[in-house]
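Some notes on the structure that comes next.
What follows is calculated from the coordinates using simple rules that are stated; it is not laboratory data. All of these numbers come straight from a predicted model, not from anything done at the bench. Positions of Cβ are backbone-derived with ideal geometry, glycine not excepted, and every protein chain shown enters the neighbour counts.
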Amino acid sequence: MKLRSLLAPVLAAALAATAFGQASLDKSIIAAGAALTEPQKAAVGSFIDAPAEAIRSSDRTGEVESARQTLITPARDPSATTAFRRAYSAAVLAELAPVAKGRDLRRAIVAMQVIRFLRTQEAVDALVERTSPSAEPDAGKRIAAATLVADSCEDLEVANAAFDSIARRLRDHATAETDWIALQQKLSAIAAPVKRRDFPADNARNVRRAQAEAIAGVAKAMRAGTAADGRMQAMQRALIGVRNDLLTLGQSDRSAVAKTLAPALSELLAATLAQWDSAHANASMNASYEAVANSCEVLLRLLDRGERPQAYAGTAPDGDSRVLGSAWASKDKARFEAEAKRWAGIVAAAPYK
């Protein structure tokens with residue numbers, strides 16, 4: 001019995017290594033310096049077949065997990081070349097993209113986890129597609145896909161301009177999103193590329209602008225209703241990230257985003273005001289609305305001090321003069337509305353317009 005218990009991990013490892021036929025890809029394929037030959041492509045296909053089938057059909061959790069790890073391992077190999085990645089990505093996507101689109105949530109998420117590590121344009125496109133409410137009805141899959149897009153931005157092997165396109169697509173998908181958790185993940189994913197090392201300033205401005213446009217689009221959609229909207233919970237969290245990002249920027253980069261972000265924040269205040277009664281009556285939502293109102297004011301003042309410094313000469317520190325959070329908390333609608341309208345007037349004029 002003791003010997004059996006000692007051998008169990010060894011046996012398990014051996015079984016995992018041989019469960020899917022070809023246990024590993026030859027290093028010469030992974031390190032290929034040119035487009036793969038037909039025999040090399042056939043070897044890649046043979047390697048993928050069994051684990052892909054396990055992800056599609058196995059009812060054994062351990063087997064599915066082992067299949068996932070088997071397929072991820074070559075993609076994460078430090079010696080993997082661009083030539084290999086392209087061929088490997090095409091082969092894996094042919095097998096797993098349909099699984100990612102399927103109705104089985106568990107299998108779809110496993111497939112998307114593999115796709116995340118392919119690091120090609122085609123792979124990230126497949127993930128971004130799954131963030132679209134019109135293409136993907138399952139909110140759980142949209143949440144997973146957006147999370148994986150954000151994570152993949154760290155090591156994607158695409159041109160910097162591709163991140164602009166990804167951000168715009170995510171912006172459109174965020175504007176159409178009704179699930180607040182999926183929305184939160186998309187707003188985070190839009191701005192994820194700015195964390196890349198040596199990411200060009202122009203591309204960073206483009207993705208920040210796309211995030212601000214998404215916030216504006218969602219705010220306009222929320223403003224159309226009077227019932228407390230769960231999407232405000234996503235805004236509560238997203239604005240913290242926006243604030244943290246802005247605090248790291250110089251004035252020129254803040255100014256680049258101000259013309260889009262400041263009107264978006266004003267739209268959020270308008271949505272908050274439109275749902276005043278319902279949100280105050282909703283104990284679970286009230287705190288999110290108050291936090292959003294406070295964050296909007298903090299961000300508007302941060303941006304406006306840079307855009308119109310003369311307007312703040314001789315004024316009290318921002319912390320002593322903020323209005324919106326306290327007006328929400330005290331249910332002083334007239335005071336809140338007057339301040340929201342004041343900001344609406346500011347962002348509707350130069351230098352924002």
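What the phi angles of segment 153-161 give under the Karplus curve with 6.51, -1.76 and 1.60, with θ = phi - 60°, is a coupling list of 4, 4, 9, 4, 9, 9, 5, 4, 4 Hz, glycine and proline written as x. Counting only alpha carbon atoms, the long axis of helix 180-191 and the longest principal axis of the chain meet at about 80°. Straight-line cross-link reach from LYS101 at under 14 Å between alpha-carbon atoms covers these aspartates and glutamates, not counting any fewer than eight positions away in the same chain: ASP125, GLU129, GLU136, ASP138. Sorted ascending by nearby beta carbons within 10 Å, beginning with the fewest, ILE109, ILE166 become ILE109, ILE166. Here the 3J(HN,Hα) profile of segment 207-220, calculated from phi with Karplus coefficients 6.51, -1.76 and 1.60 at θ = phi - 60°, is 6, 5, 5, 4, 5, 5, 5, 5, 4, 5, x, 5, 4, 5 Hz, Gly and Pro shown as x. Summary value for the chain: 10 percent relative contact order, contacts being C-alpha pairs under 8 angstrom separated by 6+ residues.
The Cα center of segment 33-72 and the Cα center of segment 101-164 differ in position by 19 Å. Its Cα gyration tensor gives the chain an equivalent ellipsoid. The semi-axes, each the square root of 5 times an eigenvalue, are 47, 23, 17 Å from largest down.
Using a cut-off of 20 Å between Cα atoms, the listed pairs LYS220/LYS331; LYS220/LYS341; LYS186/LYS259; LYS259/LYS341 include LYS220/LYS331; LYS186/LYS259 as exceeding that distance. Size of segment 10-181: Rg and Dmax of its alpha carbons, in Å, are 16.4, 51. Helix 38-57 axis versus longest C-alpha principal axis of the chain: approximately 70°, rounded to the nearest ten.
On a 0 to 90 degree scale, rounded to 10, what angle separates helix 251-274 from the longest Cα axis of the chain? Approximately 70 degrees, to the nearest 10.
For segment 120-134, putting each phi into the Karplus relation 6.51 cos²θ - 1.76 cosθ + 1.60 with θ = phi - 60° gives couplings of 9, 4, 5, 5, 5, 4, 5, 6, 4, 4, 6, 8, 7, x, 6 Hz, in residue order, rounded to whole numbers and with x for Gly and Pro.
Going from the fewest other Cβ atoms within 10 Å to the most, the residues TRP328, TRP276 appear in the order TRP276, TRP328. Neighbour counts of other Cβ atoms within 10 Å put GLU177, GLU267, GLU136, GLU53 in the fewest-to-most order GLU53, GLU136, GLU267, GLU177. Of ALA274, ALA283, ALA90, the residue with the greatest mean-square motion in the GNM of the chain, using alpha carbon springs below 10 Å, is ALA283. Equivalent-ellipsoid semi-axes for segment 126-190 (Cα gyration tensor, √(5λ), whole Å, largest first): 19, 11, 10.
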